[in-house]
């Protein structure tokens, strides 16, 4: 690993959303940074918009909680100079239900809650299509799919857009919910409860984001060196470890 003692910034503050991705950072990446001489503080956020605003305002130095598409949508909408530096293992989005044990049990007119933000709404609709519950217009922009792009809905599903942090609770009133694995686990669900799990397309693995002005900073290169290290790969790729259910970046497979 690189020696970060030459870095002018030895204190780092990281923005995280509670859940398995935050636990992974604290268990694997944070100790490696501390071994390199950094002091690492954590700020937790419940709302998905706050870590990016905090990063842009220099309240934190990096965040790790979102995928490329979400970052890109948010930074362009809000004119923020933020950049991704690396992909990290990610819990898949999945379909959950308290009413059904299998997708074959779904009844006509069932309600399904989905994220209301643009990128994750599109992602949820792609998950429903992959599960053969709907079909979307393949001429539509896959990054911005909405309910209006659904061209076949054989179960007559009723879509209920909600903020991501409300999706777990929505299972008390909706028969189905499509949600990010991080929120599912944080809300007391288990990945084994999924009726269907996505295989993430390009752009949907979570990333570490920094301010664009910091792309050449030493702490960025040190994080990249950690993510490419044998020690990191051994923990993340352990088939019996805590991250066996996470989808891994292609780089971790290509350098084994």
Residues (touching a residue at least 60 places away in the same chain (Cβ under 8 Å) and surrounded by fewer than 18 Cβ atoms within 10 Å (Cβ to Cβ)) located in region 177-194 = 191, 193
Mind counting the residues in region 210-248 that are out of contact with any helix residue (DSSP H, G or I) (no Cβ under 8 Å at 6 or more places or on another chain), free of Cβ contacts under 8 Å to residues at least 40 places away in the same chain and assigned to a loop (DSSP other than H, G, I, E, B)?
-> 5
Please verify whether region 16-37 includes one or more residues that are over 23 Å from residue 198 (Cβ atoms), in a loop (DSSP other than H, G, I, E, B) and in the same structural domain as residue 231 (by TED's automatic domain parsing).
-> yes
Quick check: anything in region 202-224 under 20 Å from residue 116 (Cβ atoms), buried (at least 19 other Cβ atoms within 10 Å of the Cβ) and in contact with a strand residue (DSSP E or B) (Cβ under 6 Å, 6 or more places away or on another chain)?
-> yes
If we scan region 113-126, do we find a residue that is touching a strand residue (DSSP E or B) at 6+ places or on another chain (Cβ under 6 Å) and part of a strand (DSSP E or B)?
-> yes
For residues in region 65-88 being touching a strand residue (DSSP E or B) at 6+ places or on another chain (Cβ under 8 Å) and more than 23 Å from residue 142 (Cβ to Cβ), which is surrounded by the fewest Cβ atoms within 10 Å (Cβ to Cβ)?
-> 81
Any residue at all in region 158-177 that is outside any helix (DSSP H, G or I), on the phi < 0 side of the Ramachandran plot, modelled with pLDDT under 95 and not assigned by TED's automatic domain parsing to the domain that holds residue 13?
-> yes
If you take the residues of region 46-64 that are in a helix (DSSP H, G or I) and surrounded by 22 or more Cβ atoms within 10 Å (Cβ to Cβ), which of them is farthest from the chain's Cα centre (by Cα)?
-> 55
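The values are calculated or read from the model by the stated rules, or taken from the named source; none is laboratory data. Please read all numbers here as calculations on a predicted model, not as lab measurements. FYI the Cβ positions are ideal-geometry reconstructions off the backbone, even for glycines, and counts take in every protein chain you see.
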